[in-house]
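Below is one structure; the comments refer to it alone.
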Amino acid sequence: MSTEMQADDPHSPDIDAAEYVIGTLSRDEHAAMEARLPRDRALAGAVYAWQDRLLPLVARVAPLPVPRALWDAIRARLGGRAQQAGAPWWQRLGLWQAASVLSLLLAVVLGVRLMAVDEAAPQYLAVLNTPDNQASWVVQLVSADTVRLLPVGTMPEVPAGKSLQFWTKPKGADRPTSLGLVAVGQPLDVPRNRLPAVESEQLFEVTLEPEYGSPTGRPTGPILAIGRMVAL
């Protein structure tokens, strides 16, 4: 992450580059970025860095065939224009693969925006995916002493008498650590001193447990979402 990111600058080069790479800019913003790139080496470098950072996520989603009728409808809306051979990698994905990847990348960019609030905090992020590979929560450091679990996707239904519980397990740890119960659709702030560590490849997960949490101090129910911390 560039050190140029400022807490009072919602359009820092890193955030603009990330949104350019995953295609969430408006048409005018995209055109402005295209005009800036040839003359702004720092911005171009940020774009290349985000491409390198996000491209491996594509491999996490298995491609699915797209019905021919849907392709025909897309071509018709585009006026029959063939896709250019040199199109960016995210435009060459199968439609359903791209949709799954986009949900994950949007969660990453959301985390980047929120981490800009505290530039001095270590820049780590975990995206927790459901068993069907949809992003549901983001784990991030929002300050030097607070870790936040933030809902970003469709939340699971919690049966009566059950609850959601947040867990972490650093590499090499012999057991997970409970970080508390989770209210559906609401962020959960956890003091950093309650975590055994905050590091790359640290495991985070949300499980379905009895109403007042696991009675054993370990996960007992099914895993609803899971992911590992990565350094940005």
- [ ] Name the single residue, out of those in region 154-181 being touching a residue at least 40 places away in the same chain (Cβ under 8 Å) and aliphatic (A, V, I, L, M), that is surrounded by the fewest Cβ atoms within 10 Å (Cβ to Cβ).
- [x] VAL158
- [ ] Using the structure shown, decide if THR168 is over 21 Å from SER214 (Cα atoms) and of a type in the set (Val, Ile, Thr).
- [x] no
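Would it be correct to say that GLY185 is among the small types (Gly, Ala, Ser) and either surrounded by 16 or more Cβ atoms within 10 Å (Cβ to Cβ) or over 29 Å from ALA18 (Cβ atoms) (or both)?
When the stated conditions are applied, GLY185 does not pass them.
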Open item on the list: Just to be sure before I move on: is GLU201 under 30 Å from VAL47 (Cβ atoms) and assigned to a loop (DSSP other than H, G, I, E, B) in the structure I sent?
Closed with: yes
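With the structure loaded, tell me whether SER26 is touching a helix residue (DSSP H, G or I) at 6+ places or on another chain (Cβ under 6 Å) and modelled with pLDDT under 80 or whether it fails that test.
On the way: touching a helix residue (DSSP H, G or I) at 6+ places or on another chain (Cβ under 6 Å): no; modelled with pLDDT under 80: yes.
Answer is no for this residue.
Results for (1) in contact with a helix residue (DSSP H, G or I) (Cβ under 9 Å, 6 or more places away or on another chain); (2) more than 21 Å from ASN133 (Cβ to Cβ); (3) surrounded by 14 or more Cβ atoms within 10 Å (Cβ to Cβ); (4) not acidic (Asp, Glu), shown as yes or no for each residue.
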{"residue": "GLU201", "(1), (2), (3), (4)": "no, no, no, no"}
{"residue": "PHE204", "(1), (2), (3), (4)": "no, no, yes, yes"}
{"residue": "GLY217", "(1), (2), (3), (4)": "no, yes, no, yes"}
{"residue": "ILE223", "(1), (2), (3), (4)": "no, no, yes, yes"}
{"residue": "GLY227", "(1), (2), (3), (4)": "no, no, yes, yes"}
Open item on the list: The conditions are (1) touching a residue at least 60 places away in the same chain (Cβ under 8 Å); (2) loosely packed, with under 13 Cβ neighbours inside 10 Å, and GLN123 fails exactly one of them. Which is it?
Closed with: (2)
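The values are calculated or read from the model by the stated rules, or taken from the named source; none is laboratory data. Quantities reported herein were computed from a predicted structural model and do not represent experimental measurements. Note that we place each Cβ from the backbone using ideal geometry, even for glycine, and neighbour counts take in every protein chain shown.
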